[in-house]
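Everything below concerns the one structure shown next.
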Amino acid sequence: MTLDGHPRISIDPAICGGRPTVAGTRMRISDVLEALAGGASAQEIAADFPYVSEADVRAVLAYAAGLADHPVVIAAE
């Protein structure tokens with residue numbers, strides 16, 4: 001099942017334990033993010049994994065940005 005607003009991201013309990021993946025692949029979102037954090041470019045990821053496009057990598061970043069966009073409440077001291 002792809003996610004509303006994120007057609008390139010899917011979650012299927014039968015694939016990768018239900019972790020989010022690039023739709024139509026077994027490439028986990030976390031794998032793409034780790035590669036980017038390690039210094040790989042979208043072009044390098046797409047070259048190393050031909051079933052993942054540069055547009056997929058951008059979709060992963062958009063999905064991750066949405067997950068990180070929430071307020072953090074810290075108690076006053």
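The values are calculated or read from the model by the stated rules, or taken from the named source; none is laboratory data. Predicted model only: the values in this text are computed from it and were never measured. We place every Cβ from the backbone using ideal geometry, glycine too, and count neighbours over all the protein chains shown.
Scanning the range 62-77 for residues that are within 16 Å of the chain's Cα centre (by Cα) and loosely packed, with under 15 Cβ neighbours inside 10 Å, we see that the one that is farthest from Arg28 (Cα to Cα) is Asp69. If you go through the range 50-76 one residue at a time, how many are of a type in the set (Phe, Trp, Tyr) and out of contact with any strand residue (DSSP E or B) (no Cβ under 9 Å at 6 or more places or on another chain)? Of the residues in that region, 0 qualify.
Inspect all residues belonging to the range 26-38 and state whether any of them is modelled with pLDDT of 95 or more, surrounded by 12 or more Cβ atoms within 10 Å (Cβ to Cβ), among the acidic types (Asp, Glu) and touching a helix residue (DSSP H, G or I) at 6+ places or on another chain (Cβ under 6 Å). Looking for residues that are modelled with pLDDT of 95 or more, surrounded by 12 or more Cβ atoms within 10 Å (Cβ to Cβ), among the acidic types (Asp, Glu) and touching a helix residue (DSSP H, G or I) at 6+ places or on another chain (Cβ under 6 Å), one finds none in the range 26-38, hence no. Note on the range 11-77: no enclosed helices (runs of 4 or more DSSP H) hold 3 or more residues that are among the hydroxyl-bearing types (Ser, Thr, Tyr) and in contact with a Lys or Arg (Cβ under 9 Å, 6 or more places away or on another chain). Is it true that some residue in the range 42-49 is touching a residue at least 24 places away in the same chain (Cβ under 8 Å) and of a type in the set (A, V, I, L, M)? So far as the range 42-49 goes, no, none of its residues is touching a residue at least 24 places away in the same chain (Cβ under 8 Å) and of a type in the set (A, V, I, L, M). Give me the residue from the range 41-55 that is out of contact with any helix residue (DSSP H, G or I) (no Cβ under 8 Å at 6 or more places or on another chain) and of a type in the set (Gly, Ala, Ser) and, out of that set, farthest from Gly66 (Cα to Cα). The selected residue is Ala47. The single condition among (1) touching a Phe, Trp or Tyr at 6+ places or on another chain (Cβ under 9 Å); (2) at negative phi that Gly24 does not meet is (2).
If we scan the range 42-54, do we find a residue that is touching a Pro at 6+ places or on another chain (Cβ under 9 Å) and at pLDDT 95 or above? The answer is no, given that none of the residues of the range 42-54 is touching a Pro at 6+ places or on another chain (Cβ under 9 Å) and at pLDDT 95 or above.
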